[in-house]
Amino acid sequence: MSVNIVALGSERDGWAEDGQPPSLIRSYLGRNALISQVAGSSALTQYQGRVFGEVRLVVRDCPAWDIFDSDWYTSRSLVGGADIIVIKYSVNDKASFQELKDSYVPMIKKALNHCSVPVIVSAIGARKNGVPCTCPLCTADRRSCVTTPEGVQLAKDLGGTYLELHTLDDLYVQKYFGGVLEYFVIQTLNQKSSEKMKKRKKMQKCPRVQPPQLEQPGALPTLRGQASRYQADLGGLLGGRRRHRCCCADVAFYPEDLSTRVEAHQVILCSASPFFMLLFGLRGPAGPGEAAVAKGLFALQPGEAGAPGPRRRVLVKDPLFCSCLPHVLRFLYAGAFQWDQLEEDIQKKLKDPEKTEHVLEKVKCILKTPGKLSTVKDCRSHQVKQLYNTSLRLFFNTPVLADVIFKIQGATVPAHRAVLVARCEVMAAMFNGNYLEANSVLVPVYGVSKDTFLSFLEYLYTDSCCPASILQAMSLLICAEMYQVMRLQHICELYIITQLQSMPSRELASTSLSIVSLLKKAKFHNSDCLSTWLLHFIATNYLIFSQKPEFQDLSVEERSFVEMHRWPSSLYLKQLAEYRSYIHSQKRHCTVM
């Protein structure tokens with residue numbers, strides 16, 4: 001621990017001889033004191049020494065008062081940072097004492113600013129009453145000395161201790177001046193220790209109040225998308241599922257001896273290959289190559305009028321191709337991109353490379369798109385995979401090959417039973433069971449708008465949907481729940497969640513969309529995932545939704561859940577209010593402002 005001492009004034013007479021000891025401070029600290037010149041001030045000397053073994057004294061000695069005249073900022077900082085102030089003057093220099101009393105004592109008082117800093121006023125020297133000088137140019141009066149009452153009065157003005165030292169020998173300096181100085185050093189040390197202890201206790205008792213920590217809201221429930229069954233659903237039309245064996249099949253392939261029959265669906269075949277569109281007369285005249293292939297491979301025969309079963313009969317002229325026809329149809333229904341699987345199946349069936357290559361060449365001829373592949377030999381398996389795929393979008397909402405018409409809101413929508421049966425369990429039961437729709441071409445639809453039903457049919461045909469808004473997605477979700485198409489229901493749920501999550505808070509607060517209404521619809525239509533997510537969404541954005549009138553429409557159970565999981569929590573808001581009250585209280589006002 002250190003004590004800062006500031007010594008002001010000169011203890012030497014204006015006419016003192018050179019043999020007088022240099023200074024009071026140097027005499028007290030001794031010759032071993034560390035002396036250094038303060039940077040930027042030639043009239044200020046710094047001494048360092050030790051007392052009581054471990055206490056370091058730092059003394060700044062300023063014998064000239066000029067520093068108060070030239071640099072008030074430095075002098076104020078010098079006096080303000082002192083723990084003890086020592087003012088020295090010579091009893092034989094009345095003029096310097098009078099200047100100190102009149103000019104510099106007010107400055108010292110102003111610099112102290114009512115601080116309780118001990119001041120030691122030291123009057124140094126033996127008074128000399130000699131004969132005054134007779135020189136007319138000399139105005140000095142050696143008989144005029146500073147009296148003891150004058151020194152005492154100066155000490156009273158500064159609130160300090162008066163001390164007279166007749167000489168600067170060891171007896172006076174160490175016994176009188178040293179005793180008084182060390183007394184005030186001990187008082188300063190005790191005061192510093194007491195302040196330090198009080199500060200430590202205050203920090204222990206009243207730690208700095210931290211603002212309450214706002215935890216992040218819990219993660220909202222997520223939805224897991226269902227894998228697409230588009231190709232598997234279409235593949236089920238080939239007879240793998242019993243519910244599909246109905247009047248949906250409208251094509252029958254026969255060998256030349258008519259011994260077997262393989263049923264298929266025109267809409268699927270035409271979407272897989274333009275070759276079948278040519279075969280069934282759905283597009284213009286064929287080129288020479290296509291006509292030759294069609295004539296050498298198939299022969300279209302008229303169906304028997306009034307006979308049950310498919311309306312189109314196709315004779316397969318190539319025996320090898322006819323024997324592999326089930327594998328070829330499975331390949332076409334799967335989207336015409338599983339070429340490697342087709343090769344493997346035909347090799348196992350024929351067990352002859354040349355025959356296998358012959359059948360595969362016929363398949364390539366069927367897949368050949370006019371104007372895209374120059375020759376059949378240039379058709380590679382990876383090219384087949386890229387160029388040909390099942391595309392039922394061409395037949396969506398068109399009367400071509402349509403065998404059912406939905407009547408909705410005064411309008412008609414054409415469709416194909418094969419696609420509906422393959423993609424929708426409810427429609428498969430409706431068209432295959434003992435229902436009126438099984439034998440009707442015109443089927444009415446209730447409880448859904450035309451636009452929503454068209455979006456529903458588009459998903460059945462293309463396995464994709466893109467709602468225009470959250471409300472349209474909710475309507476499509478209701479339609480999907482009505483027809484039990486679960487994957488479409490999950491797609492709509494995911495769309496609604498994505499749109500709500502991307503809404504900024506300002507838009508969410510100003511939107512006219514009722515989230516509570518969406519919640520109730522989701523619950524009513526058994527959308528458990530969406531209803532759970534919406535409830536968490538309301539709780540997570542509690543400050544927004546609690547201000548809306550629709551918040552009152554929540555049930556008691558829902559309100560209880562939202563209050564329990566609200567973010568920010570009521571406890572955090574209470575802590576935040578208490579913290580703000582504490583910060584803005586009078587005790588916490590900034591001392592500078």
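Key figures
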| read-out | value |
| --- | --- |
| Solvent accessible area, Å² - MET107, 1.4 Å probe, full protein context | 60 Å² |
| Label zone at LEU442, where the point sits 7 Å out along the Cα-to-Cβ direction: region 403-421 residues whose backbone N lies under 20 Å | 403-417 |
| Among LEU476, SER502, SER569 the positive-end extreme of the charge dipole of region 463-593 (Cβ point charges) | SER569 |
| Inter-probe distance in nm under a simple model that places probes 7 Å from Cα toward Cβ, at LEU576 and ASP157 | 6.2 nm |
| Which of TYR446, TYR89, TYR435 is most accessible, then next, and so on - probe 1.4 Å | TYR446, TYR435, TYR89 |
| Accessible solvent surface per residue of region 480-554, calculated while the other protein chains remain in place, 1.4 angstrom probe, Å² | 48 Å² |
| Rg/Rh (Cα only; Kirkwood hydrodynamic radius) as it applies to region 400-519 | 1.05 |
| Residues with amide H under 5 Å from that of PHE406, placed H, sequence gap 5 or more | VAL413, ALA415, VAL443 |
| Pairwise FRET efficiency - SER103 versus LEU34, Cβ, R0 = 30 Å, nearest 0.05 | 0.40 |
| Potential lengthening between SER505 and LEU315 on full extension [0.36 nm per residue; Cα-Cα distance subtracted] | 61.8 nm |
| Heavy-atom accessible surface of region 387-449: percent carbon and sulfur, 1.4 Å | 56 percent |
| For ARG60, solvent-accessible area (1.4 Å; no DNA, RNA or ligand), Å² | 90 Å² |
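The values are calculated or read from the model by the stated rules, or taken from the named source; none is laboratory data. Remember, predicted model here, so these are calculated numbers, not experimental data. Virtual Cβ from ideal backbone geometry, glycine too; neighbours counted across all protein chains shown. Accessible surface areas use protein heavy atoms only, side chains included; no ligands, DNA or RNA. Shrake-Rupley method; radii C 1.70, N 1.55, O 1.52, S 1.80 Å.
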